[in-house]
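Report on the structure given below.
Please treat every number below as a calculation from the coordinates, not as lab data. Keep in mind that this is a model prediction, so the values were computed, not measured. FYI the Cβ positions are ideal-geometry reconstructions off the backbone, even for glycines, and counts take in every protein chain you see.
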Amino acid sequence: MKWGVLVFPGTNREQDAVDVLTRVFQQDVQKIWHDTTDLSGLDAVMLPGGFSYGDYLRCGAIARFSPVMEAVVDFAKTGRTVFGVCNGFQILTECGLLPGTLLRNKSLRFINAMQPLHVERTDTRFTSKAPEGRVVTVPIAHNEGNYFLPADDLKRLEDRAGVLFRYCTPKGYVNEAGNPNGSVNNIAGVINAAGNVLGMMPHPENACDPVIGRTDGAFIFESIIEELVFS
Amino acid sequence: MQILVEVMPKEGILDPQGQAVGHALHQLGYREVQSVKVGKRIVLEVEGDDAAEALKRGREMAEKLLHNENVEEFHVLLGEESAS
């Protein structure tokens with residue numbers, strides 16, 4: 001399976017994505033610079049974390065107008081997989097592939113922690129291999145992870161079951177105590193209506209290698225890879 | 001000509017920056033402060049002398065890039081240096 005990992009000026013987590021895809025999952029990966037417009041031959045595009053364009057104006061607002069993003073929107077229309085983490089999620093919301101906006105954390109603090117998530121659905125290409133119990137713990141590292149949607153749009157998102165991950169307590173309760181950043185309805189990750197674009201604030205790519213101590217994030221990559229191999 | 005684009009958090013949107021500034025002002029003794037909002041002002045130097053056209057294009061820029069309609073509102077005005 002061929003992956004492209006997008007790199008914008010200010011992206012800084014691309015090597016984490018490339019490393020985990022090549023070394024842990026033996027995937028064919030290439031880095032894609034932001035001025036590229038040709039994504040032909042790729043099966044999946046990953047938007048990694050970082051601070052594209054210094055987070056100037058708003059997180060992801062300037063990256064969204066990079067030449068490569070127009071190509072990513074067309075790529076998504078073909079039904080192929082687009083997966084954004086952290087700053088990648090922020091870019092996907094700014095460009096309209098996913099609903100919502102990531103605001104400053106309620107605490108006004110950058111949060112760097114291990115965070116339990118509840119997997120809401122297992123019938124998607126991103127979560128088919130979710131563990132039983134559906135609670136996984138992966139790192140979060142962000143300053144603007146406070147997911148917000150106006151009430152009407154939030155209802156539409158919830159009605160179509162577009163929420164894939166919610167922040168929760170270690171025992172899996174989705175409540176205020178399990179919400180690290182003030183996100184509405186504890187939302188940590190959402191998919192588009194077609195089901196081929198996922199964005200999430202947590203970093204599953206940093207919890208895949210047993211050497212690091214946790215492999216809770218691996219199921220997302222395993223799900224994507226299996227879906228492609230058997231489709 | 002100078003065009004100013006002012007971008008503010010929408011009514012009802014959590015503005016933690018504004019809240020933090022409000023707390024600090026209270027600690028300094030400014031008890032009369034009821035609420036604080038923090039936004040941003042973007043100053044554009046543009047070519048041309050048609051103010052109406054410049055404002056129209058300023059609003060376009062705000063719609064496309066300078067504000068996020070989910071959470072922010074904006075208004076566009078002529079800069080002080082253009083007002084004379």
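Here the Debye sum runs over all C-alpha atoms of the stretch A:68-117 as equal scatterers in vacuum, and log10 of I(q)/I(0) at q = 0.13, 0.18 Å⁻¹ comes out as -0.41, -0.69. Counting only DSSP beta bridges with both residues in chain A, the antiparallel share comes to about 55 percent. For trypsin sites (Lys or Arg not before Pro), the sites in the stretch A:123-189 that DSSP calls loop and that have at most 16 other Cβ atoms within 10 Å are A:129, A:134, A:160, A:171. Values of log10 I(q)/I(0) for chain A across q = 0.14, 0.17 Å⁻¹ run -0.81, -1.27, by the Debye formula with one identical scatterer at each alpha carbon and no solvent. For the peptides B:1-8, B:19-26, the ranking by packing is B:1-8, B:19-26, with the highest mean count of neighbouring Cβ atoms within 10 Å listed first. log10 I(q)/I(0), Debye, Cα-only the stretch A:1-85, no solvent, q = 0.12, 0.19, 0.26 Å⁻¹? After summing over all Cα pairs, the log10 values are -0.32, -0.79, -1.36. Counting Cβ atoms of other protein chains within 10 Å of each Cβ in B:66-74 and taking the mean gives 4.
Of the chymotrypsin sites (Phe, Trp or Tyr not before Pro) found in the stretch A:10-88, those that fall in a DSSP loop while having at most 14 other beta-carbon atoms within 10 Å are A:56. List the pairs from A:106/B:56; A:171/B:37; B:10/B:64; A:2/B:64; A:155/B:64; A:155/B:10 whose alpha-carbon separation is above 27 Å, in the order I gave them. Where the Cα-Cα span goes over 27 Å, the pairs concerned are A:106/B:56; A:171/B:37; A:2/B:64. When only the Cβ of Lys, Arg, Asp and Glu is charged (+1, +1, -1, -1), the dipole of chain A relative to its Cα centre reaches about 460 debye.
Per-peptide packing, taken as the mean over residues of other Cβ atoms within 10 Å, places B:29-38, A:110-119 in the sequence A:110-119, B:29-38 from highest down.
If you take the Cα centroid of the stretch A:178-194 and the Cα centroid of the stretch A:22-56, the two points sit 23 Å apart.
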